[in-house]
Amino acid sequence: MKKTITAIILCISTINAVEKPEFCTKLEASTIDREHCKHWKMKESEREMNNYLSAAQKRYSDDKKFISLLQKSQAMWIKYSESECLTYEHQWSGGSISTYMYLECKLHMTKQRTYRIWDNYLTFMDSTPPLLPEPKTREGEN
């Protein structure tokens with residue numbers, strides 16, 4: 001049963017994958033192109049995080065208390081990450097890079113949150129394979 005659920009989740013996550021847009025492939029990208037690309041990467045990382053979150057909710061679907069706590073922690077994390085990244089962006093205020101730095105912060109924090117969801121709720125203490133592959137925590141990881 002676990003293997004079937006894992007296969008279904010992996011199929012869904014690959015079906016939703018989107019090809020990298022052209023503005024993310026330019027070597028001589030403008031500030032606007034870099035912001036668009038970073039925004040696209042952030043949205044892709046949010047999609048991945050939501051897939052991992054859904055898998056955790058599916059794994060513990062019989063435990064109403066767990067689902068409630070997970071939803072509450074996710075809502076709190078969203079508020080925290082927004083506050084943290086707005087603070088980080090403020091360090092760069094007055095410059096054209098401030099939006100890019102905000103998006104970079106959001107991307108990094110989302111990747112970290114995805115990893116925490118995977119590690120806490122989608123892995124097992126024994127040799128059972130995790131329900132989803134280990135997520136990458138940094139851009140460029142394979």
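Here are the numbers for the structure shown:
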read-out	value
Rough spin-label spacing in nm, given labels placed 7 Å along Cα→Cβ, for Leu69 and Thr31	4.6 nm
Solvent-free Debye scattering, log10 I(q)/I(0), computed from the Cα coordinates of segment 70-142 at q = 0.16, 0.19, 0.23 Å⁻¹	-0.68, -0.85, -1.03
Qualifying GluC sites (Glu not before Pro) in segment 34-142, DSSP loop, other Cβ atoms within 10 Å at most 11	Glu141
Where N is the number of residues in segment 18-142, Cα Rg divided by 2.2 N^0.38 Å	1.21
Under the Karplus curve 6.51 cos²θ - 1.76 cosθ + 1.60, θ = phi - 60°, whole-Hz ³J(HN,Hα) for segment 64-77, x wherever Gly or Pro sits	4, 5, 4, 4, 4, 5, 5, 4, 5, 5, 5, 4, 5, 5
Qualifying chymotrypsin sites (Phe, Trp or Tyr not before Pro) in segment 94-142, DSSP loop, other Cβ atoms within 10 Å at most 13	Phe124
Inter-probe distance in nm under a simple model that places probes 7 Å from Cα toward Cβ, at Glu46 and Tyr80	1.9 nm
Potential lengthening between Met125 and Asp62 on full extension [0.36 nm per residue; Cα-Cα distance subtracted]	20.7 nm
Cross-link pairs Lys41/Lys72; Lys26/Lys72; Lys65/Lys106 - those with Cα-Cα distance over 32 Å	Lys26/Lys72
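Readers should treat all values here as calculations from the given coordinates under stated rules, not as data from a laboratory. The structure displayed is predicted, hence computed values, not measured ones. Positions of Cβ are backbone-derived with ideal geometry, glycine not excepted, and every protein chain shown enters the neighbour counts.
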